[in-house]
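Peer 1: One structure, pasted below without further comment.
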């Protein structure tokens with residue numbers, strides 16, 4: 001793909017939020033890279049692109065921030081103009097020095113094989129626990145989250161009442177566990193008709209922050225979802241929107257139980 005884009009003069013920009021996790025899976029699943037280190041794979045990945053964007057809360061293991069990287073000076077200058085509007089000038093805006101230093105350290109530590117193996121193994125561990133309770137999840141599991149199939153858990157809830165969001169709310173009420181809806185709310189409305197988009201998948205994402213939770217926490221999450229799954233047939237009402245933003249409503253939407 002990179003070679004094809006270069007042939008036609010199309011810049012390739014890498015969404016690098018999960019670069020280290022992707023490198024881990026390349027090492028595990030592609031035989032020609034089994035003998036490569038994570039950092040060697042990462043360097044080859046970045047060699048293929050002209051720029052990258054990074055949400056550093058992911059594979060840089062920090063609490064805040066991100067960056068944009070460019071090979072082309074002209075593109076860099078264009079991007080810098082917008083950072084002045086939204087973040088401040090390059091030498092005195094944006095992140096504090098402490099956060100930049102933490103990011104630099106996190107980018108190195110995030111490429112350590114043992115760390116990635118433990119982290120991604122914890123995701124698989126949660127999925128295995130959920131399967132023991134009978135909770136349907138997407139397989140194979142990925143590197144940062146388990147995705148529960150809300151349509152299979154709550155098929156009796158009409159799609160207009162947001163199955164995945166209903167499951168997310170039930171989980172919070174059951175055990176104070178915060179999941180994220182990946183479904184109709186996230187898909188937003190058609191910009192012309194203003195009708196809901198129905199993406200076909202209604203998923204509850206259980207993302208696991210880095211270096212925060214133990215396997216005991218995973219067992220607690222699984223038990224909470226197991227309890228919900230056991231009483232799933234008693235959940236007969238979803239939710240309706242009472243207030244929403246014109247775009248990206250899933251961040252601030254307000255809901256009430258459907259009548």
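The values are calculated or read from the model by the stated rules, or taken from the named source; none is laboratory data. Quick caveat: nothing in here was measured; it's all calculated off a predicted structure. Note: ideal-geometry Cβ built from the backbone for every residue, glycine included; neighbour counts use all protein chains shown.
Peer 1: If you go through the stretch 229-238 one residue at a time, do you hit one that is part of a loop (DSSP other than H, G, I, E, B), within 28 Å of residue 17 (Cβ to Cβ) and either out of contact with any helix residue (DSSP H, G or I) (no Cβ under 7 Å at 6 or more places or on another chain) or not assigned by TED's automatic domain parsing to the domain that holds residue 22 (or both)?
Peer 2: Looking for residues that are part of a loop (DSSP other than H, G, I, E, B), within 28 Å of residue 17 (Cβ to Cβ) and either out of contact with any helix residue (DSSP H, G or I) (no Cβ under 7 Å at 6 or more places or on another chain) or not assigned by TED's automatic domain parsing to the domain that holds residue 22 (or both), one finds none in the stretch 229-238, hence no.
Peer 1: If you go through the stretch 100-109 one residue at a time, do you hit one that is assigned to a loop (DSSP other than H, G, I, E, B) and at negative phi?
Peer 2: no
Peer 1: Still on this model: When the residues of the stretch 1-39 are filtered to those that are free of Cβ contacts under 8 Å to residues at least 24 places away in the same chain, more than 24 Å from the chain's Cα centre (by Cα) and surrounded by 14 or more Cβ atoms within 10 Å (Cβ to Cβ), which remaining residue is nearest to residue 107 (Cα to Cα)?
Peer 2: Checked the stretch 1-39; the qualifying residue nearest to residue 107 (Cα to Cα) is 36.
Peer 1: Between 250, 217, which is part of a helix (DSSP H, G or I) and over 24 Å from residue 152 (Cα atoms)?
Peer 2: Of 250, 217, the one residue that is part of a helix (DSSP H, G or I) and over 24 Å from residue 152 (Cα atoms) is 217.
Peer 1: Tell me, yes or no, whether the stretch 139-147 has at least one residue that is over 25 Å from residue 59 (Cα atoms) and in contact (Cβ under 8 Å) with a residue 24 or more places away in the chain.
Peer 2: Filtering the stretch 139-147 for residues over 25 Å from residue 59 (Cα atoms) gives none.
Scanning the stretch 139-147 turns up no residue that is over 25 Å from residue 59 (Cα atoms) and in contact (Cβ under 8 Å) with a residue 24 or more places away in the chain.
Peer 1: Filter the stretch 83-99 for residues that are closer than 15 Å to residue 69 by Cβ and outside any loop (DSSP other than H, G, I, E, B) and give the result.
Peer 2: Of everything in the stretch 83-99, just one residue is closer than 15 Å to residue 69 by Cβ and outside any loop (DSSP other than H, G, I, E, B), namely 83.
Peer 1: For the stretch 224-255, give me each residue that is free of Cβ contacts under 8 Å to residues at least 60 places away in the same chain and under 26 Å from the mean Cα position of the chain (by Cα).
Peer 2: The answer is 224, 227, 241, 243, 244, 245, 246, 247, 251, 252, 254.
Peer 1: Here is a follow-up. For residue 116, which of the numbered conditions (1) touching a helix residue (DSSP H, G or I) at 6+ places or on another chain (Cβ under 6 Å); (2) over 28 Å from residue 35 (Cβ atoms) fails to hold?
Peer 2: All conditions pass for residue 116, except number (2).
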